[in-house]
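Just below is one structure, and these are the notes that go with it.
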């Protein structure tokens, strides 16, 4: 894949755009040469093939093919140990989710003071994953929210639970919110609330997976079903 650079602004074919701040430094580190073809994206869904003339002038050529999933998958991920939660942020972004909602559940063990103020770090992890994976759209990071609040939101919802009786498998609706519980699993009250809100239930096979593994597997499976991989 060509070197990729982020431009915070509108992109127009034929225009010359300039790198700023970290991206200018990144081009120096990579030793990008004059005349080299690169990609430029704006995090809003636009990505262009471009010619690097200098850090002040990158000439946009043609739009690149979209690498975004046609289905908007939103991941409501229980807040787990922070290193594992950050792994999920990275991998779910690579796999194409449109947003990630840090989820507070009855069995969440991480204290609020541990994750409070982490939003900038988490957004940076997601941004780097977008850049590495070739995406042009930076997912939204929602504020931490309680399970009962998020599950009441409109739209299709899938609860992944190792002990659930799975709903019939089919391609995900657009959009779909995927719920992944903490290591201790969902409480009985949460499962009842999910049924009250007509959530679909899915499992990930006969083995009990760690929360971070379940999040990555569920996101990959749902994306693949819709993209016919």
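The values are calculated or read from the model by the stated rules, or taken from the named source; none is laboratory data. Being a predicted model, the structure only gives us computed values, none of them experimental. Neighbour counts run over all protein chains shown; Cβ positions are idealised from the backbone, glycine included.
Looking at region 10-23, which of the residues that are under 25 Å from the mean Cα position of the chain (by Cα) and outside any loop (DSSP other than H, G, I, E, B) is nearest to residue 131 (Cα to Cα)? Within region 10-23, the match that is nearest to residue 131 (Cα to Cα) is 23.
Restricting attention to region 199-229 and to residues that are touching a helix residue (DSSP H, G or I) at 6+ places or on another chain (Cβ under 8 Å), in a helix (DSSP H, G or I) and within 14 Å of residue 158 (Cα to Cα), the residue that is modelled with the highest pLDDT turns out to be 215.
Checking the conditions here, which among 143, 139, 175 is over 18 Å from residue 88 (Cα atoms), in the same structural domain as residue 77 (by TED's automatic domain parsing) and under 15 Å from the mean Cα position of the chain (by Cα)?
On the way: 143 fails: over 18 Å from residue 88 (Cα atoms); 139 fails: over 18 Å from residue 88 (Cα atoms).
Result of the check over 143, 139, 175: 175.
Candidates are the residues of region 186-198 that are at pLDDT 95 or above and in a loop (DSSP other than H, G, I, E, B); the one that is nearest to the chain's Cα centre (by Cα) is 186.
Can you find, within region 44-72, the residue that is modelled with the lowest pLDDT among those that are under 13 Å from residue 136 (Cα atoms) and either in a strand (DSSP E or B) or touching a helix residue (DSSP H, G or I) at 6+ places or on another chain (Cβ under 7 Å) (or both)? For region 44-72, the residue satisfying everything is 69. Filtering region 115-125 for residues that are outside any loop (DSSP other than H, G, I, E, B), buried (at least 17 other Cβ atoms within 10 Å of the Cβ) and in contact (Cβ under 8 Å) with a residue 40 or more places away in the chain leaves an empty set. Against the numbered list (1) assigned by TED's automatic domain parsing to the domain that holds residue 212; (2) modelled with pLDDT under 95, residue 86 comes up short only at (2).
Out of all the residues in region 26-43, is one or more crowded, with 21+ Cβ neighbours inside 10 Å, assigned to a helix (DSSP H, G or I) and out of contact with any strand residue (DSSP E or B) (no Cβ under 7 Å at 6 or more places or on another chain)? If you could, list the steps in order and put the result at the bottom.
The first filter runs over region 26-43 and keeps only residues crowded, with 21+ Cβ neighbours inside 10 Å, leaving 40-41.
So of that shortlist, the ones also assigned to a helix (DSSP H, G or I) come out as none.
No.
In this structure, residue 128 does not qualify as within 18 Å of residue 4 (Cα to Cα) and in contact with a helix residue (DSSP H, G or I) (Cβ under 6 Å, 6 or more places away or on another chain). Among the conditions (1) touching a residue at least 40 places away in the same chain (Cβ under 8 Å); (2) in a loop (DSSP other than H, G, I, E, B); (3) loosely packed, with under 15 Cβ neighbours inside 10 Å, the only one that residue 154 does not satisfy is (1).
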